[in-house]
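**Q** If you scroll down you'll find the structure; I have some questions about it.
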Amino acid sequence: MTENEIAARNKKIGHAITWIILLILFFCFIFPFLMVIVNVFKDKSDITRNPLSLIGATKGFTLQNFPEAMNKMNFWTVFGNSLIITVCATILTIIVSSMAAFVIVRNGRWKVCTIVFSLMIASMVIPFQVLMVPLVSVYGGTLGVLNHRLTLILMHVGFSVSMAMFMFHGAIKTNIPLELEEAATIDGCSRWTTYWRVVFPLLKPTVATVAIINTMAYWNDYLLPSLVLTKKNLYTIPIATQAFYGTYSTDIGLVMAALLLAMLPILILYVFLQRYIVQGVTAGAVKG
């Protein structure tokens, strides 16, 4: 056997081992999700008896978990609350952070812009747990603005704008030539018009990335909404799922149904926005 044949054989063996390891890791990652899909259509007793079976032995295939979960958690109310909070917070985060990044990048010679950018980046290292108690005591005890959706929306934006601005800062600085803005200015565009008609449309990949990251964070967040929203009519989906957990027992079927209902909007959003991320990566690779 020649050296080339030996090298080709070793390469094939290496590829095969790599694929086997990747498949094992993929299965480990996707296994909990598959368990939710399998058990959500079974009765609680069947889930407890044999969670790995595809169909329940007692009642077989059933859809009863979905209407029961929706009724017990008051699904449409909590879904509406989560949707309003997530959409508003995500849009505000994108607008505020992209505008701030645009001003900082195009006025980099100003010391105040450098200081603001440095402070916002430094704020990213502060954990939320450090601010949790002062935040609730000030906004709840002193200002009395808890139990309002707007309060939670502004808090979400405040905690997320630094990371989003950092991402927009890099995108504007590296991917958007200053000559485009100068050409728009020559054509009579104001700074505001230049931003909305020239700069912002070119930020679609970054907008899609920020939207997915923050939507997932806002939609799935339990800790901050549980501190801010204590009235049942203001509950979000993660808070409402605590209705399925009892002191001595938990209805696993209802929990899985609620989890699946909560995951669907995020999956739909990702399928819709991921093409913009792919387009941005492809355009960046071609440009490079």
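**Q** Looking at the structure I just gave you, is N147 assigned to a loop (DSSP other than H, G, I, E, B) and in contact with a helix residue (DSSP H, G or I) (Cβ under 9 Å, 6 or more places away or on another chain)?
**A** Values: assigned to a loop (DSSP other than H, G, I, E, B): yes; in contact with a helix residue (DSSP H, G or I) (Cβ under 9 Å, 6 or more places away or on another chain): yes.
Against the criterion (assigned to a loop (DSSP other than H, G, I, E, B) and in contact with a helix residue (DSSP H, G or I) (Cβ under 9 Å, 6 or more places away or on another chain)), N147 qualifies.
**Q** If you scan the stretch 52-110, which residues turn out to be of a type in the set (S, T, N, Q) and part of a loop (DSSP other than H, G, I, E, B)?
**A** Of all residues in the stretch 52-110, those of a type in the set (S, T, N, Q) come to 53, 58, 62, 64-65, 71, 74, 77, 81-82, 86, 90, 93, 97-98, 107.
Matches in the stretch 52-110: S53, T58, T62, Q64, N74, N107.
**Q** Now for a different question. T90: loosely packed, with under 14 Cβ neighbours inside 10 Å and among the polar types (S, T, N, Q), yes or no?
**A** Values: loosely packed, with under 14 Cβ neighbours inside 10 Å: no; among the polar types (S, T, N, Q): yes.
No, not satisfied.
**Q** Suppose we filter the stretch 110-129 for residues that are farther than 25 Å from L223 by Cβ and surrounded by 10 or more Cβ atoms within 10 Å (Cβ to Cβ); how many remain? Step through it out loud before you land on a result.
**A** Here is the first cut: in the stretch 110-129, the residues farther than 25 Å from L223 by Cβ are 110-118.
Keeping just the survivors that are surrounded by 10 or more Cβ atoms within 10 Å (Cβ to Cβ) gives 110, 113-118.
Count: 7.
**Q** Answer yes if at least one residue in the stretch 24-44 is of a type outside the set (S, T, Y) and over 22 Å from M263 (Cβ atoms), and no otherwise.
**A** Filtering the stretch 24-44 down to residues of a type outside the set (S, T, Y) leaves 24-44.
Narrowing the set further to residues that are over 22 Å from M263 (Cβ atoms) leaves 24.
Looking through the stretch 24-44, at least one residue is of a type outside the set (S, T, Y) and over 22 Å from M263 (Cβ atoms).
**Q** Where residues in the stretch 190-235 are without any contact (Cβ under 8 Å) to a residue 12 or more places away in the chain and aromatic (F, W, Y), which of them is nearest to N175 (Cα to Cα)?
**A** Only one residue fits best here, namely W196.
**Q** Got a sec? Which of V103, V125, V133, V112 is under 19 Å from L152 (Cβ atoms) and either among the β-branched types (V, I, T) or modelled with pLDDT of 85 or more (or both)? Break it down stepwise before answering.
**A** Numbers: V103 fails: under 19 Å from L152 (Cβ atoms); V125 fails: under 19 Å from L152 (Cβ atoms); V112 fails: under 19 Å from L152 (Cβ atoms).
Just one listed residue meets the conditions, V133.
**Q** When you look at I104, is it touching a residue at least 24 places away in the same chain (Cβ under 8 Å), touching a His at 6+ places or on another chain (Cβ under 7 Å) and on the phi < 0 side of the Ramachandran plot, yes or no? Give the derivation first.
**A** On the way: touching a residue at least 24 places away in the same chain (Cβ under 8 Å): yes; touching a His at 6+ places or on another chain (Cβ under 7 Å): yes; on the phi < 0 side of the Ramachandran plot: yes.
Yes: the conditions hold for I104.
**Q** Here's a follow-up. Got a sec? Which helices (runs of 4 or more DSSP H) wholly within the stretch 176-271 have at least 2 residues that are in contact with a helix residue (DSSP H, G or I) (Cβ under 7 Å, 6 or more places away or on another chain) and buried (at least 16 other Cβ atoms within 10 Å of the Cβ)?
**A** Details: elements: 178-186, 191-194, 204-220, 223-228, 237-240.
Qualifying helices (runs of 4 or more DSSP H): 178-186, 204-220, 223-228, 237-240.
**Q** Going through the stretch 29-51 one residue at a time, which ones are in contact with a helix residue (DSSP H, G or I) (Cβ under 9 Å, 6 or more places away or on another chain) and part of a loop (DSSP other than H, G, I, E, B)?
**A** V40, F41, K42, D43, P51, listed by residue number.
The values are calculated or read from the model by the stated rules, or taken from the named source; none is laboratory data. Values in this document were obtained by computation on a predicted structure and should not be read as measured data. Cβ coordinates were reconstructed from backbone atoms using ideal geometry, including for glycine residues, and neighbour counts include every protein chain displayed.
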